[in-house]
Structures are given as C-alpha cells and as structure tokens.
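The values are calculated or read from the model by the stated rules, or taken from the named source; none is laboratory data. Remember, it's a predicted structure, so these values are computed and weren't measured experimentally. Heads up, the Cβs are rebuilt from the backbone with ideal geometry, glycines too, and the neighbour counts pull from every protein chain shown.
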Amino acid sequence: MIFTGKVLKYGDNVDTDVIIPARYLNTIDKKELASHCMEDIDKNFAKKVQPGDIMVAGANFGCGSSREHAPIAIKESGISLVIAESFARIFYRNSINIGLAILECPEAAKAISEGDEVEADLEKGIIYDKTTGKSFETKPFPEFIGKIIDCGGLVEAIRCGEIK
C-alpha cells in the first residue's frame, strides 16, 4: 500500500477537540464533519486539503476524548495518511478501525515540511520525502492492519471476509 501526497503539517498535542470541535458532534454526516475538520487550528484546512494529501504532526496527535469523529473527519476531508511522532493510543486504534492509515515515525515527522511531496510505502515501512530526497524507515503495517485499511475499516474488512 503506497500513499503519495502533499503535506499539511501540524505541531504537538493536537487533540480531538481541535481536529473536530465538539460543537459539530451532533451530526454523523461525514461530509459535514470533514467541512469543519481542523478549523480551530487551521481556518483554511477544508479549502486547501486535496484528495490524497498527507497530514504530518508532532507528538501525541489525537489526544483528548476518544471520539471516532476525529479520524472520520480527517479521512473524509481527503487525507490519505497521517504521519506523526506519536499518537494517542485510542486515536490510533480508532483510525485503524475506520480505515485511516497512520504511521508513527518521529524522524520523518520532524524533518518533513508543510507543502513537501511525500511517498509512503506502508508494507515496506519507507517514507520518502520527494521534495528533499530524504528517506525514513518505520515499522511496516502488519498484514491484518493493511487489510483493514484496504477494505476501508474494520467493519468493511469483516463484511468483505478479510477479517474473521
């Protein structure tokens, strides 16, 4: 599974209340959630994000409440992959469960800049910054997580028979 996209970059401790503010949690409409994704930290996020873009962040990304609305809003906005120094554990699992690809790689998260073009091979555990020419190694996805991401989430992986 290979992802290529332009980087939108954020700092440390981006919590779920910033990813999708609580005032929008009264809807389950994914498009509506995506339209408000990151708006309290980046007013122009919804206007500038393009399908396939890659989000890069610092440490403890997705901290705060355990709402799955946060990874849903990110995925639905068009972000194909999130690379961070580290993730809050519940956010990490919620992301996998809804089919949002995420990678922990502190070196890449620190070195990659806003606007860089990045390619990530999740099966090999290689992140390549096409803009700077730097490569980073990370732990590859286990096969079963790759299947969940490929199917679009845990429920879909069960429906399509990839996970039993």
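In table form, for the structure just shown:
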item: Residue count, the stretch 153-162 (criterion: surrounded by 15 or more Cβ atoms within 10 Å (Cβ to Cβ) and more than 15 Å from TYR92 (Cα to Cα)); result: 3
item: Count of the stretch 39-57 residues which are in contact (Cβ under 8 Å) with a residue 24 or more places away in the chain and polar (S, T, N, Q); result: 1
item: Scan of the stretch 16-30 for residues that are over 13 Å from the mean Cα position of the chain (by Cα) and under 30 Å from ASP121 (Cβ atoms), ordered by number; result: VAL18, ILE20, LYS30
item: Every residue from the stretch 65-88 that is of a type in the set (D, E, K, R) and within 16 Å of LEU154 (Cβ to Cβ); result: GLU68, LYS75
item: Test: residue in the stretch 96-103 that is closer than 14 Å to ASP15 by Cβ and not basic (Lys, Arg); result: no
item: Sole residue being among the hydrophobic types (A, V, I, L, M, F, W, C), over 15 Å from CYS105 (Cα atoms) and at pLDDT below 95, chosen from ALA73, ALA22; result: ALA22
item: Residue ranges of strands (runs of 3 or more DSSP E) in the stretch 1-96 with at least 1 members surrounded by fewer than 19 Cβ atoms within 10 Å (Cβ to Cβ) and in contact with a strand residue (DSSP E or B) (Cβ under 7 Å, 6 or more places away or on another chain); result: 2-9
item: Selection count where residues are of a type in the set (S, T, N, Q) and without any contact (Cβ under 8 Å) to a residue 24 or more places away in the chain, scope the stretch 108-164; result: 3
item: Selection within the stretch 108-164 - in contact with a Leu (Cβ under 8 Å, 6 or more places away or on another chain) and of a type in the set (Ser, Thr, Tyr); result: THR138
